[in-house]
Each structure stands twice: as C-alpha cells, then as structure tokens.
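Computed from the coordinates by the stated procedures, all read-outs in this text should not be read as laboratory data. Computed from a predicted structure; not experimentally measured. Here the Cβ positions follow ideal geometry from the backbone for every residue, glycine too, while neighbour counts run over all protein chains shown.
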Amino acid sequence: MTQDELKALVGQAALAEVVPGTVVGVGTGSTVNRFIDALATMKDRIAGAVSSSVQSTERLRALGIPVLDASQIERIPVYIDGADEIDHRGHMVKGGGAALTREKIVADLAERFVCIADESKLVDTLGAFPLPVEVIPMAAAQVARRFRSSYGGDAQLRAGVVTDNGNPILDVRGLAITDPLAMETEVNQWPGVVTVGIFARHKASVCLLGTAAGVKTLRF
Ligand code: 5RP
C-alpha cells in the first residue's frame, strides 16, 4: 500500500472514534484531509466540527460540515489529528503543517486525542523530524540561540511560511527528545515562544496506525 492509501485507511477508520451527536475536533494535514472526506459521510449525525486551521475549516465547510468557533466550546469528547512523529508512549511532534498552536488549543478542549498516522511516523525517540516552534517574530533569533545553547539544536526559520496567527515557524534539527514532557515544559516558558510542537502534555490517547497489514490500534 502507498503512504496515501495508508492515510486514507486511517482517515476512514477514525470515523469509529467519532461520538454521534457531538462536536468533533479536527486537526490539520494530508491524513486529516482523508478523515474530513470520510466525516462528510456522517455529517448529519454530528453537531459540527471545531477546526485547528483555516485549511481544515475550508475543507469542512466545502463538504457541508458546520464549523464552530473554539471559543463557543467548553469540552468535546474527541480530537482527531495526524502527527509528524509519534513515540511508543503517545508523545508526538506536530506542526509540519504550521498549525501546531491551534492544534494544541483544540486538543486541550478534548477528552481524548486520537492520532491517525501511517507507520512511517512511529519512532523510538522523537526528534529526527525537525521540531516546529511558532514564535513571536522579534524573538526568533533569541529562541534559535537558546535552542543551540540548551539542546545543541540548529533552529532555522521556515522560509515563506506564516501561521494562521501571523507568526513565523522555527524548525529545529539535531534534537533527540528523550524527555518530551520536560522539553515541552521548558521551551514553552522561553519568552517569545508561542507554541512548541511537542505534544506530551496533550499526548495521544490512542493511535490508529496505518500498516501494510491494516490498521493497528495503539493505546497509551
Ligand atoms: C500540521 C500537523 C500535521 O498533523 C502533521 O504535519 C502531519 O501531517 P500529514 O498528515 O500531512 O503527514 O501537525 O501542523
């Protein structure tokens, strides 16, 4: 099976995680796009979606799925999103699509985070994928220097990318994230960091992993 076919497989499988009659949290990315397409087939059985990006909002609305503003929502049962990397404890690196801040906000509303990913995303240690960090523009160089001095990471601005919130993204290479919760906690406190793309506090409850043998369910 191709990577695209695996993404379609888990996108479809995620429908079983949707709680009928409720608002569904929807992430961002090519895997989530497959989920949104599948969600359209049950749009009359959900109360709508809360979205993590302009891109996903547009796709949801184009398929006739109502999108609610996150500020109208107190709690949702489930948030469904992809990942750039996920480890064997459900910690993730996210933000390859630059939507990490809104993704973390919507994930925070949810009882459960359901990660949908093809098997190439499962890793022993996070960090081979460059870690995305959304920053306030005037702090970009300062945050990059701090990554170098604190973790030996090489942070570069992602060229031509501005987030839905109007900020740049740093991609940090050369990290081995052995303690995701500790690094997330520390980096989040650096002045000028909007969001670091480590999802350890908001880790996956379950991962639907697309493999050549079918969908494998990992519970954390
Ligand atoms: C976007 C994300 C995505 O979930 C992540 O990049 C995975 O994307 P894809 O499903 O296209 O591989 O974090 O900010």
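Averaging Cα coordinates gives a centre for the stretch 109-124 and one for the stretch 194-213; these two points are 3 Å apart. With the simple model of a label 7 Å out from the Cα in the direction of the Cβ, Trp190 to Leu157 spans 1.6 nm. In the chain, the calculated helix contribution to ellipticity at 222 nm averages -8000 deg cm²/dmol per residue, counting -39,500 (n - 2.57) for every DSSP H run with n ≥ 4.
Cβ-Cβ distance of Asp164 and Leu63, R₀ of 22 Å, FRET efficiency by 1/(1 + (r/R0)^6): the value works out to about 0.65. Note the angle between two axes, namely the Cα long axis of helix 30-39 and the longest principal axis of the Cα atoms of the chain, as a number of degrees from 0 to 90, rounded to the nearest 10. Computed tilt is about 20 degrees. Lys-Lys pairs in the chain that are eight or more residues apart or on separate chains and whose Cα atoms lie under 19 Å of each other come to 11.
Here the spin labels are modelled as points 7 Å beyond Cα on the Cα-Cβ line, and at Thr22 and Ile73 they lie 1.1 nm apart.
Can you pull a Stokes-Einstein diffusion coefficient for the stretch 81-220 at 37 °C (0.692 mPa s), Rh from Kirkwood over Cα pairs, as a whole number of µm²/s? Stokes-Einstein gives a translational diffusion coefficient of 218 µm²/s.
Within the shell of other residues whose beta carbon sits under 15 angstrom from the beta carbon of Leu100, the net charge comes to -3, with Lys and Arg scored +1 and Asp and Glu -1.
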